[in-house]
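Input: a single structure, listed below in structure tokens.
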Number of protein chains: 4
Amino acid sequence: MSGNTFGKLFTVTTFGESHGVALGAIVDGCPPGLELSETDLQKELDRRRPGSSRHTTQRREPDQVRILSGVFEGVTTGTPIGLLIENTDQRSKDYGKIKDQFRPAHADYTYHHKYGVRDYRGGGRSSARETAMRVAAGAIAKKFLASHGIQVRGYMSQLGPIEIELRDWEAVDSNPFFCPDPQRLPELEEYMDQLRRDQDSVGAKITVMAEGLPPGLGEPIFDRLDADLAHGLMSINAVKGVEIGDGFGVVTQRGSEHRDEMTPEGFQSNHAGGVLGGISSGQTLIAHLALKPTSSITIPGRSIDVDGNSVEVVTKGRHDPCVGIRATPIAEAMMALTLMDHYLRHRAQNAEVEVATPRLR
Amino acid sequence: MSGNTFGKLFTVTTFGESHGVALGAIVDGCPPGLELSETDLQKELDRRRPGSSRHTTQRREPDQVRILSGVFEGVTTGTPIGLLIENTDQRSKDYGKIKDQFRPAHADYTYHHKYGVRDYRGGGRSSARETAMRVAAGAIAKKFLASHGIQVRGYMSQLGPIEIELRDWEAVDSNPFFCPDPQRLPELEEYMDQLRRDQDSVGAKITVMAEGLPPGLGEPIFDRLDADLAHGLMSINAVKGVEIGDGFGVVTQRGSEHRDEMTPEGFQSNHAGGVLGGISSGQTLIAHLALKPTSSITIPGRSIDVDGNSVEVVTKGRHDPCVGIRATPIAEAMMALTLMDHYLRHRAQNAEVEVATPRLR
Amino acid sequence: MSGNTFGKLFTVTTFGESHGVALGAIVDGCPPGLELSETDLQKELDRRRPGSSRHTTQRREPDQVRILSGVFEGVTTGTPIGLLIENTDQRSKDYGKIKDQFRPAHADYTYHHKYGVRDYRGGGRSSARETAMRVAAGAIAKKFLASHGIQVRGYMSQLGPIEIELRDWEAVDSNPFFCPDPQRLPELEEYMDQLRRDQDSVGAKITVMAEGLPPGLGEPIFDRLDADLAHGLMSINAVKGVEIGDGFGVVTQRGSEHRDEMTPEGFQSNHAGGVLGGISSGQTLIAHLALKPTSSITIPGRSIDVDGNSVEVVTKGRHDPCVGIRATPIAEAMMALTLMDHYLRHRAQNAEVEVATPRLR
Amino acid sequence: MSGNTFGKLFTVTTFGESHGVALGAIVDGCPPGLELSETDLQKELDRRRPGSSRHTTQRREPDQVRILSGVFEGVTTGTPIGLLIENTDQRSKDYGKIKDQFRPAHADYTYHHKYGVRDYRGGGRSSARETAMRVAAGAIAKKFLASHGIQVRGYMSQLGPIEIELRDWEAVDSNPFFCPDPQRLPELEEYMDQLRRDQDSVGAKITVMAEGLPPGLGEPIFDRLDADLAHGLMSINAVKGVEIGDGFGVVTQRGSEHRDEMTPEGFQSNHAGGVLGGISSGQTLIAHLALKPTSSITIPGRSIDVDGNSVEVVTKGRHDPCVGIRATPIAEAMMALTLMDHYLRHRAQNAEVEVATPRLR
């Protein structure tokens, strides 16, 4: 594949199939001296773990991560950090049909044409199970960033037709939806129950933010902070759109309305979402992402088999009716990895820069 | 900066400031044997050129590109292609205020904090003038792709509040808006005239497509075709959002509605926008991008200077009231560069793959 | 560290410390459809394994490698291949002194200054134990290359003062020295026995070759085949010199003597070692490397501790008196990885090139 | 080609053929605030310039370099630095035979097989003329390093059979050979005169050093300082061997002899050449390189043409009888570029490391 590495200085390379032996990652470039334990990673993995509510897949994986290298006596040593999660819940079953058929809107068809062979069990490499490693690696980035005053967090901002406002950061981790408005929970529960009765799935929107950023992160002109962030977020399974700040809202805005004016007290608005010219401004970095409805539904769909014949596909198994529900920790991870990489890149080139101009928020 | 290279196998590295001596690029990795002349590049540059209608900046640059290497006797040799455009219309003027002030919503403030010094003349490196080199390099990619049956093209799909439908590809290059619906032209003209009277600016939406793609382009899991495309498009000045296929529309879609069913006759719809699992499906690749209104307007805005003092900024000069108007060739260039890179990457790994399964469109 | 990846299209990223939990690697970019099993890798690992003769370290590691992903039903799938070797023979002992002292000619001092912290057990990341993963990954490259008619192999060409000529490829794998001249074995045995009595160590020279190469591999001007090969070989622990073809012998050669003339029957000599202008010529690729004597000897040496105080260091433990003895499989691996990467890079750019000119050997 | 970039954080990408329009380079990643002018670059280019003595090619190129971007008001801005040298002395001549014949020991044959087409005029891209851009880019690295207390310099240590010792750094730049021992100059002159009478060429050895390095540069395990340096030096035209420190001399050394002992007063020797475990130790970094005799001689040689027919080749034109004579500035440039890249990489990851242990020299 040769596309399994993310980052340039702080690099994450992953491997692993849904129903293979194990998932793993190598995190290279982590500064030495960072306190790190498996608990730091497990905490984030548990947020993403399936089977924690009736609204997500019932596949039960403990997703127990082990650190195999790069940490000695409780701190990182600057050498590569090997991570491993063994797959334990690989139900053996009859894959006869899946093997030769392409589920509509899945990667089956494209993997088949690209590689000629594919591990069809549970989607193989194309399964969202792969994102566990992003979350584990992202936890390392999050911890480093936090130790430098930068906080990355996210929430679900829309589930199907239900738009959700950010009312309470504290609420996010206390419900299975990463919903930041506790009053909307009954509505969400009800919607999901109906969806399950319909045997259908639905899309979602996630919002992620980083606060406490210094100005200066991002490398114009191609490796802008927003461009690299778009890369990272769009690489998450099922994501079909990425916005920075006001996103597609800017299409109808006037310049006099969009521009974020500055006074000695700070920025007067944040339409830009914390990035100007591809470089962080010091304001809160804001991104939104759109996730499509999972295609693994039991409503029959038309497709073809490897010989090109017409077939009807019914996807059984344990699937998330809304992949967006578990996507918040993954989006946070990708934002954290992007920022971590740019944090290191920035100081490589600009360590000597000193500016007397006050920083605005 | 060290972020001035795009691509992994087909790489484009650029340099140049708005009011510097010249803009240039090195295109590395172009296959040998491709017929190529300066005319091929100039054709695309002329589409992007400013000053061609009253709705764009009146800066008049011939933007004459020269090929300095890598082409011999009319064909590429496989060696790096050096490109150069000399800046000719650099009006000398008094930059006294711009030097020490930060224009709101510009990169002035972030460049200042990142680098300590900056070429403030015309925005320096952060000027959209840099995109001329993307268009020149993209023309090479377009030509190679075209010789392999792949066509990349785009159009303006929204200007401020005016949504535009794709009615006639032929019309796109015959009006200054890249508008694919000739009937909407009077409305667009009128809107722009009013905007200029308001001394304001507005956002826009661009749509780009690639037809004739083989299935298989894209490298999961991080260098997916859609992720790399999002990177490329988001790296264009003023872009704040990127969508693949239905984009943010997927948030409210049901799985039964979103999935593109397949029959032996082909795909039955294209909600996915031509990408499944990060790999091209062979359907038309579709992306949309949102461009913010230019911040260079003459309506006074509040800002600060390098000492942190409050100032009022009025941006004079020759600016596009809607940067989206000239963005279509740039978006096409970034899509072409992304596809070119993945075309080469794909055949590096998968040259031996042979699949008997019929390809669908 | 962020320097733990080798290759650009066929990439190998490794992790692991000498006395940590495990060693691992991710091989990304392997073409799909290659038959591959753990046996293929184990065969090469067993050639490098310590403890197989009295002339190498008595550390006994089975070095049992597991393939964790990327192979399905006996063939590679094009997805990343995860490899793991668990460390089993980590004798617990008192590291009190090693922790705070720098062994002369080891990486102790430089790791300490670079990272501030280090895993001092058995040399940590700087131990040659890390090369096991290179050999495992190299086995994949070797197998792919072999299936395309390219054979990579090597031998010991000098041990201390004893120069060895290539007389019999068959002999190489039948003695612990990778010596290609069976008649020299008694001399080598005797030399090593005396060395052990002296409690000292000695350097060695290794020669590696690749036969069956097509012309065209290598990417001028910086990623020449010889330059990338020098990178790979010099990255092996203890290597202090790399030669291509006649190497340092060219200094005293005349042009009329050095140039390899061509006739329709083929090249008339191979002073160049199979590379012209950084590109493979189709002749046998030949490289030599010099390995320094291991610094882990029991003869006391002067050094300092972390506070800068003078100390006397005696390195105990299980060490190779000549690291060169086990270096042949490692050198072969690095040559194979280099060739593999360039094989893929070449066809990415030049797949369409057809040349009627006959290929010479 | 896609191999025309050197470095990871401080990157140099070059273009240009021997007899094309121009040579150029883009230097990306230079820290802002460095005072830089064309004079800084020209000074180094003039050291490499041909035609400055009767012992080098009589091609007369002023090699006037222009800085096109990235420098504003006398200092670097952190944006990419565009460099250009226009070719002025491209004698038009009849290339009839060269076009279809392969000069022995040149890149003609390999370029032909790799790319199918080639710019045969003066060797095209494979000409050593390309190294002018390395020297120009290297001058930027040298200046940055010098401002951080690091000095890179080199000399010719052997010309054919004449070995030269380092006796006087001052002498190096006052003779056309970069010879550090003024007493050997008559011998060198005499040897070269005889060589010219013989119409032959000869090899040479160059030594380069860096003093004032901090400990810590280099990224194990693949991007070791010595490995990346070997890559850089081996990528220079005609180089066939690279040594670090004692190089191939280590083959016959004992461990007790090779190891560089440390006392509070400093290292007691420097067999390692300033690198331990792939990381700079703070001692002088020392490398040697072997350059083959140029193959462009007028003594007739056997070869083939593009149809595989036997031909006799006589290389006329203006060629260096010893390419090693002008190689010292090029080798310095490659060492400077390597160090510059690692200087930035080191501080990216290890900016927070503080070590109380005294640094030794």
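The values are calculated or read from the model by the stated rules, or taken from the named source; none is laboratory data. Not measured: the values here are computed from a predicted model. A quick note on method: Cβ atoms are made from the backbone with ideal geometry, for glycine too, and the neighbour counts reach across all protein chains shown. Just the protein is used for accessible areas: all its heavy atoms, side chains included, with ligands, DNA and RNA removed. Shrake-Rupley method; radii C 1.70, N 1.55, O 1.52, S 1.80 Å.
At a glance:
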| read-out | value |
| --- | --- |
| Sequence ranges C:173-179, C:189-195, ranked by mean other-Cβ count within 10 angstrom, highest first | C:173-179, C:189-195 |
| At 7 Å out from Cα toward Cβ: B:Asn309 inter-copy label distances (nm, ascending) | 6.0, 8.2, 8.3 |
| Size of electric dipole in the protein assembly as shown: Cβ of Lys, Arg +1 and of Asp, Glu -1, about Cα centre, debye, nearest 20 | 0 debye |
| Interface size D-C, as summed buried accessible area [1.4 Å probe, Å², nearest 100] | 9400 Å² |
| MRE, 222 nm, helices only [DSSP H, n ≥ 4, -39500 (n - 2.57), over the protein assembly as shown, to nearest 500] | -7500 deg cm²/dmol |
| Point-to-point label distance, C:Asn309-A:Asn270, nm (Cα→Cβ direction, 7 Å offset) | 5.3 nm |
| Kirkwood estimate for the stretch D:147-241, i.e. one over the average of 1/r between Cα atoms, Å | 15.4 Å |
| Helix D:185-197 axis, angle to chain D major axis (alpha carbon atoms, nearest 10°) | 30 degrees |
| Most to least packed among B:144-156, A:73-85 [average Cβ atoms within 10 Å] | A:73-85, B:144-156 |
| Chain B, closest residue to the rotation axis toward D, by beta-carbon, whole angstrom | B:Thr13, 2 |
| Distances in nm from D:Gln199 to the matching label points in the other copies, shortest first (labels 7 Å along Cα to Cβ) | 6.5, 8.0, 8.9 |
| D:His148-B:Thr298 pseudo-label distance in nm [points 7 Å out on the Cα-to-Cβ vector] | 4.8 nm |
| Inter-centroid distance (Cα atoms) of the stretch D:188-226 relative to the stretch B:1-33, Å | 31 Å |
| Rounded tilt (10° steps) of D:225-234 against the dominant C-alpha axis of chain D | 10 degrees |
| With eigenvalues of the C-alpha gyration tensor scaled by 5 and rooted, the protein assembly as shown, Å | 49, 38, 32 |
| Around C:Gly273: net Lys/Arg minus Asp/Glu count, Cβ-Cβ under 10 Å | -3 |
| Listed residues D:Gly160, D:Ala141, D:Gly278: farthest to the positive end of the dipole of chain D (Cβ charges) | D:Gly160 |
| Principal-axis tilt of helix D:38-48 within chain D, Cα atoms, nearest 10 degrees | 60 degrees |
| For residues of A:140-147, the mean tally of beta carbons on other chains within 10 Å | 0 |
| Kirkwood hydrodynamic radius of the stretch B:10-61, Cα pairs, Å | 13.5 Å |
| Label-point separation, D:Tyr95 to A:Asp173 (7 Å along Cα→Cβ), nm | 6.7 nm |
| Label spacing, shortest first and in nm, from D:Ser53 to its equivalents in the remaining copies (7 angstrom along Cα→Cβ) | 4.9, 6.5, 8.0 |
| Over 22 Å [Cα-Cα, the stretch B:190-316], rounded percent | 53 percent |
| Charge tally in the Cβ shell below 9 Å around D:His55, where Lys, Arg are +1 and Asp, Glu are -1, D:His55 excluded | -1 |
| Computed over chain B, Kirkwood Rh from alpha-carbon pairs, angstrom | 21.6 Å |
| Simple Cβ-charge dipole of chain C, Lys/Arg +1 and Asp/Glu -1, about Cα centre, in debye nearest 20 | 940 debye |
| Local net charge near A:Leu34, Cβ-Cβ under 13 Å (Lys/Arg +1, Asp/Glu -1) | -2 |
| For residues of A:295-307, the mean tally of beta carbons on other chains within 10 Å | 4 |
| Within 10 Å of each Cβ in B:99-106, the average number of Cβ atoms from other chains | 4 |
